[in-house]
1. Does PRO170 satisfy the criteria of being surrounded by 13 or more Cβ atoms within 10 Å (Cβ to Cβ) and touching a residue at least 24 places away in the same chain (Cβ under 8 Å)?
2. Do you know which residues across segment 140-162 are of a type in the set (S, T, N, Q) and either surrounded by 14 or more Cβ atoms within 10 Å (Cβ to Cβ) or touching a helix residue (DSSP H, G or I) at 6+ places or on another chain (Cβ under 8 Å) (or both)?
3. Go through segment 22-34 and report how many residues are assigned to a loop (DSSP other than H, G, I, E, B) and either out of contact with any Pro (no Cβ under 7 Å at 6 or more places or on another chain) or without any contact (Cβ under 8 Å) to a residue 40 or more places away in the chain (or both).
4. Any idea how many residues of segment 74-117 are closer than 16 Å to THR53 by Cβ, of a type in the set (D, E, K, R) and either over 17 Å from the mean Cα position of the chain (by Cα) or open to solvent by 40 Å² or more (accessible area, probe 1.4 Å) (or both)?
5. Which condition from (1) open to solvent by 20 Å² or more (accessible area, probe 1.4 Å); (2) closer than 22 Å to PHE32 by Cβ is the one that ASP124 breaks?
6. Quick one: ALA132 ticks every box in (1) under 17 Å from the mean Cα position of the chain (by Cα); (2) without any contact (Cβ under 8 Å) to a residue 24 or more places away in the chain; (3) open to solvent by 30 Å² or more (accessible area, probe 1.4 Å); (4) farther than 28 Å from GLY73 by Cβ bar one, so which box is it?
7. Would you mention how many residues in segment 102-143 are of a type outside the set (A, V, I, L, M) and farther than 20 Å from VAL47 by Cα?
8. Enumerate the pairs (first residue in segment 98-116 and in contact (Cβ under 8 Å) with a residue 12 or more places away in the chain; second residue anywhere and assigned to a helix (DSSP H, G or I) and surrounded by fewer than 17 Cβ atoms within 10 Å (Cβ to Cβ)) with beta-carbon separation below 8 Å, excluding pairs fewer than 6 apart on the same chain, so at least 6 apart or on different chains.
Amino acid sequence: LARRHDGADDQADGAADARPVVITFDDGTADFTERALPILDRYRLPVTLYAATSFIDEGRPFPGEGRPVSWQGLADACSTGLVGVGSHTHGHLLLDRLPPADVASELDRSIELIGDHLGRPPLDFAYPKAVAGSAAVDTEVRRRFRSAALAGTRPNPFGTTDPHRLARSPIQRSDGMRWF
């Protein structure tokens, strides 16, 4: 997979853009490759897609009838050099509700599938529903990923933000174009 440049890379490399923006998508629905990717490619915008791997691996619809992207579709998206795939857990489960013994296997299965199907394990993570877990969950996430995204519509000042507590500003379909 081609190495891409994004905000998480900046934090890892110790560099900062004057106006950094990181674009992310969650889950791994087919509309990412069908609708979003052509636009991202046209404007050469790098993104991270946080994939909930059980839906993709089993071809099972997401809640709300969202069709999952295929592994081949994700591989093709990654081949553009614009898309990096992070983990969004295996079953899109809220980690704070899992028994501590199950947290590691939920994370590891996602890492394993992404690595097997896309040729490289995920470096970044987004908590499902942007809900952080317990201190034990935080430890497991930090052991496996260079960054983790949570809820919190606020900036992430370079050099002062914990990379495992990155805030994201969600944009929903109902928001319309005013957020852009």
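The values are calculated or read from the model by the stated rules, or taken from the named source; none is laboratory data. Everything numeric here is computed off the predicted structure, so don't read it as measured data. Methodologically, a virtual Cβ is constructed for each residue, glycine included, from the backbone with ideal geometry; neighbour enumeration extends over all protein chains shown. Surface accessibility is based on the protein's heavy atoms, side chains included, excluding ligands, DNA and RNA. Shrake-Rupley method; radii C 1.70, N 1.55, O 1.52, S 1.80 Å.
1. On the way: surrounded by 13 or more Cβ atoms within 10 Å (Cβ to Cβ): no; touching a residue at least 24 places away in the same chain (Cβ under 8 Å): yes.
Answer is no for this residue.
2. Residues of segment 140-162 that are of a type in the set (S, T, N, Q), as a first pass: 147, 153, 156, 160-161.
If the condition is that a residue be of a type in the set (S, T, N, Q) and either surrounded by 14 or more Cβ atoms within 10 Å (Cβ to Cβ) or touching a helix residue (DSSP H, G or I) at 6+ places or on another chain (Cβ under 8 Å) (or both), then SER147, ASN156, THR161 are the ones that fit.
3. 1
4. Residues in segment 74-117 being closer than 16 Å to THR53 by Cβ, of a type in the set (D, E, K, R) and either over 17 Å from the mean Cα position of the chain (by Cα) or open to solvent by 40 Å² or more (accessible area, probe 1.4 Å) (or both): 5 in total.
5. It is condition (1) that ASP124 fails.
6. (2)
7. Result for segment 102-143: 14.
8. Listed by first residue and then by second, the contacts come to PRO100/ALA136; VAL103/ALA136.
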